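Step one of this worksheet: look at the structure below.
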Amino acid sequence: MEFLNQTGSRQQLKIRMRGPSGDPSDPSPLFDDTSSAVNKHGHGDVGKGPDAYPGQAFLSDPMSNLAMAYGSSLASHGKEMMDKNLDRFIPISKLKYYFAVDTVYVGKKLGLLVFPYMHENWEVSYQQDTPVAPRFDINAPDLYIPVMGFITYVLVAGLALGTQNRFSPEILGIQASSALVWLIIEVLAVLLSLYLVTVNTDLTTIDLVAFSGYKYVGMIVGVVAGLLFGRTGYYLTLLWCCVSIFVFTIRTLRLKILSEAAAEGRLVRGAKNQLRMYLTMAIAAAQPVFMYWLTFHLVR
């Protein structure tokens with residue numbers, strides 16, 4: 001009996017709990033009907049209210065449009081000023097000229113750097129007062145060979161250190177950074193010397209970087225010869241490359257630094273021309289010094 005009573009009480013409890021939702025005639029809804037509020041506005045007013053989307057009021061404001069236009073103008077003006085000031089020190093727009101090379105030019109230029117003794121015409125060709133691209137003139141300076149020479153020099157230095165069980169990333173990083181620092185010091189010293197001697201020349205900073213970077217070709221040849229034939233092969237090959245880069249630098253820079261009379265082969269006269277000749281010889285003599293300083297410790 002108690003079981004029946006408990007069952008009946010449970011059924012009554014379930015009926016009471018389901019009563020409000022099970023009766024369809026119950027007038028009290030579970031949720032409020034909001035369709036009437038929407039219908040009051042009508043379908044034609046959709047999107048016309050002030051809250052149609054958040055940025056509508058901002059974009060429709062004339063002052064905001066003026067501020068956006070002023071900000072865009074200010075940004076473009078700042079970009080132009082930055083490009084103009086940057087171009088004063090590093091003419092980025094001219095870098096494309098120094099990489100306009102091809103395979104034929106690279107092969108001939110490498111041969112000229114190693115054996116410059118038979119070359120006669122060292123003048124750079126011009127077309128409408130502008131020098132022609134390096135791929136059309138072997139005498140034109142380029143940056144492709146110096147950049148690739150620097151990278152190859154670092155790789156060959158790592159190979160040489162590895163054959164001697166002295167390789168480590170730290171030592172290779174020091175080797176690369178020291179070579180780059182010495183190159184920067186050399187270019188800055190030449191620029192200062194040209195300023196002190198008051199030389200009016202068309203040499204740019206990039207030209208000096210190119211001429212200073214050609215010595216990496218001889219350095220690579222010397223280190224490779226040292227790896228193959230020992231220190232004797234290194235010294236003989238490096239000596240040849242040092243003499244070659246000295247002759248190459250003298251014959252190239254004399255047309256840029258010396259006066260027109262000296263460039264034509266006449267005697268150099270005057271104190272200024274003497275200083276320019278000494279400066280040209282000093283720049284050329286510095287190349288073998290750097291070549292030996294950056295490679296002698298790589299061959300044992």
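The values are calculated or read from the model by the stated rules, or taken from the named source; none is laboratory data. Keep in mind that this is a model prediction, so the values were computed, not measured. As a convention, Cβ positions derive from the backbone with ideal geometry for all residues, glycine included, and neighbour counts pool all protein chains shown. With ligands, DNA and RNA removed, areas are computed over all heavy atoms of the protein, side chains included. Shrake-Rupley method; radii C 1.70, N 1.55, O 1.52, S 1.80 Å.
Pairing residues of region 110-123 that are closer than 10 Å to Val217 by Cβ with residues that are part of a loop (DSSP other than H, G, I, E, B) and aromatic (Phe, Trp, Tyr), at Cβ distances under 8 Å and at least 6 apart in sequence or on separate chains, gives Leu113/Tyr214.
Which count do you get for residues in region 204-232 that are among the aromatic types (Phe, Trp, Tyr) and either open to solvent by 10 Å² or more (accessible area, probe 1.4 Å) or over 25 Å from the mean Cα position of the chain (by Cα) (or both)? Residues flagged as among the aromatic types (Phe, Trp, Tyr) and either open to solvent by 10 Å² or more (accessible area, probe 1.4 Å) or over 25 Å from the mean Cα position of the chain (by Cα) (or both) within region 204-232 amount to 2.
Checking each residue of region 151-165 against the condition of being assigned to a loop (DSSP other than H, G, I, E, B) and open to solvent by 60 Å² or more (accessible area, probe 1.4 Å) gives at least one match.
Close Cβ contacts (under 6 Å, 6 or more residues apart or on different chains) running from residues in region 241-253 that are within 12 Å of Ile283 (Cα to Cα) to residues that are of a type in the set (S, T, N, Q) and open to solvent by less than 10 Å² (accessible area, probe 1.4 Å) comprise Ile245/Gln287; Thr249/Gln287; Leu253/Thr280. Kindly check whether there is at least one residue in region 189-203 that is open to solvent by 20 Å² or more (accessible area, probe 1.4 Å) and under 16 Å from Ile145 (Cβ atoms). Taking every residue of region 189-203 in turn, none turns out to be open to solvent by 20 Å² or more (accessible area, probe 1.4 Å) and under 16 Å from Ile145 (Cβ atoms).
Just give me the residues in region 137-155 being in contact with a Ser or Thr (Cβ under 9 Å, 6 or more places away or on another chain) and either within 12 Å of Tyr216 (Cβ to Cβ) or without any contact (Cβ under 8 Å) to a residue 24 or more places away in the chain (or both), in sequence order. Passing the criteria: Asp137, Ala140, Pro146, Tyr153. Scan region 122-129 and tell me whether some residue there is closer than 24 Å to Cys242 by Cα and not in a loop (DSSP other than H, G, I, E, B). No: region 122-129 contains no residue that is closer than 24 Å to Cys242 by Cα and not in a loop (DSSP other than H, G, I, E, B).
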